[in-house]
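Trainee: Take this structure first; my questions come after.
Derivation of every value follows stated rules applied to the coordinates shown; laboratory data play no part. Predicted model, so just to flag it, every value in this text is computed and none were measured. All Cβ positions, even for glycine, are placed from backbone atoms using ideal geometry, and neighbour counts span all protein chains on display.
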Amino acid sequence: MCGACGRKLGFFSWGDFCRQCQKLFKTELTRLEKEILSNKDLSGEPAVIIKKGNKKSRIKLYDKVFRQFETRGELSQAEITALQKLQQALDLSDDEVNAREQIKLYEFLAKAREAIEKGVSLPVFDLNTHLKPKDLMKIAPIIRKNELIHFAAPASLMETEEVISEKLLWGVKTTIRDVEATRGALILTSQRLFLCPFPLEKPVEIPLFYIFHVEGKLNSLTIFSRARGRPYDFRISNRAAIKIFETCLHYLLTH
Ligand SMILES: [Zn+2]
């Protein structure tokens with residue numbers, strides 16, 4: 001039986017819908033996609049068939065739109081709102097779209113930018129509500145008196161290492177490779193940037209007044225410190241998080 005209209009399914013049909021309903025479902029997905037991408041808004045109620053349709057297809061559409069919005073490297077407030085509407089129209093939960101953390105980060109970035117525009121102090125980041133419980137339980141940060149936390153995200157410090165790749169008659173051949181030196185939660189405060197280590201890992205602490213340059217890339221944040229010859233290369237898997245570190249650091253270093 002077709003999950004939408006109740007018609008008996010033919011012998012060769014696959015999936016939960018009859019051919020007509022499958023077509024309707026696809027048409028409606030395409031309509032939602034076009035509308036959200038061109039207007040950043042949705043008009044009217046989505047067709048009922050959406051809720052009954054394949055969940056994977058709905059999640060796929062959401063991810064596609066999210067990535068499309070993110071291509072500029074950032075989400076605007078209008079795009080954040082549009083994504084929330086799309087999530088509702090597709091009848092997807094926060095867990096299903098994995099958007100909660102992504103969108104929350106972009107919202108936090110918008111808040112930080114607003115503070116910067118006004119020239120006031122950066123928003124305070126609450127580790128307990130913003131960090132995922134699985135990361136939070138692995139760290140025990142010691143925050144000093146008068147120190148404010150402005151942001152935090154899981155990160156790895158990468159170092160380059162020379163390794164022997166081949167033993168030759170007259171010596172050895174070496175190659176350079178990136179290795180993870182330590183990892184934990186990278187925490188930006190009003191005084192320092194520090195990597196609060198996960199169990200058995202080493203801490204890293206960089207006072208803000210040592211930092212003279214910051215560079216955010218696709219999956220890493222590079223910090224140039226006056227106290228160290230080579231820059232710190234922090235691997236961070238989340239693009240929005242890198243953007244927040246970069247934005248907040250620039251502001252803290254110039255104010
Ligand atoms: Zn049907």
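Trainee: Just give me the residues in segment 9-25 being free of Cβ contacts under 8 Å to residues at least 12 places away in the same chain and either within 14 Å of the ligand (Cβ to nearest atom) or not hydrophobic (A, V, I, L, M, F, W, C) (or both), in sequence order. Full working, then the answer.
Mentor: The first filter runs over segment 9-25 and keeps only residues free of Cβ contacts under 8 Å to residues at least 12 places away in the same chain, leaving 9-14, 19, 22-23.
Within segment 9-25, LEU9, GLY10, SER13, TRP14, ARG19, GLN22, LYS23 qualify.
Here is a yes/no grid of residues against (1) out of contact with any Lys or Arg (no Cβ under 6 Å at 6 or more places or on another chain); (2) of a type in the set (Asp, Glu); (3) under 30 Å from SER220 (Cα atoms); (4) assigned to a helix (DSSP H, G or I):
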| site | (1), (2), (3), (4) |
| --- | --- |
| ASP16 | yes, yes, no, no |
| LEU32 | yes, no, no, yes |
| LEU37 | yes, no, yes, yes |
| ASP41 | yes, yes, no, no |
| LYS64 | yes, no, yes, yes |
| ARG67 | yes, no, yes, yes |
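Trainee: Shifting gears a bit: Give just the number: which of (1) away from the ligand (no atom under 16 Å from the Cβ); (2) in contact with a helix residue (DSSP H, G or I) (Cβ under 9 Å, 6 or more places away or on another chain); (3) free of Cβ contacts under 8 Å to residues at least 60 places away in the same chain does LYS52 not satisfy?
Mentor: (1)
Trainee: If SER38 satisfies all but one of (1) closer than 18 Å to GLN88 by Cβ; (2) within 26 Å of the chain's Cα centre (by Cα), what's the number of the condition it fails?
Mentor: Failed condition: (1).
Trainee: Which of the numbered conditions does LYS60 fail, given that it passes all the others? Conditions: (1) at positive phi; (2) without any contact (Cβ under 8 Å) to a residue 24 or more places away in the chain.
Mentor: With respect to (1) at positive phi; (2) without any contact (Cβ under 8 Å) to a residue 24 or more places away in the chain, LYS60 is out only on (1).
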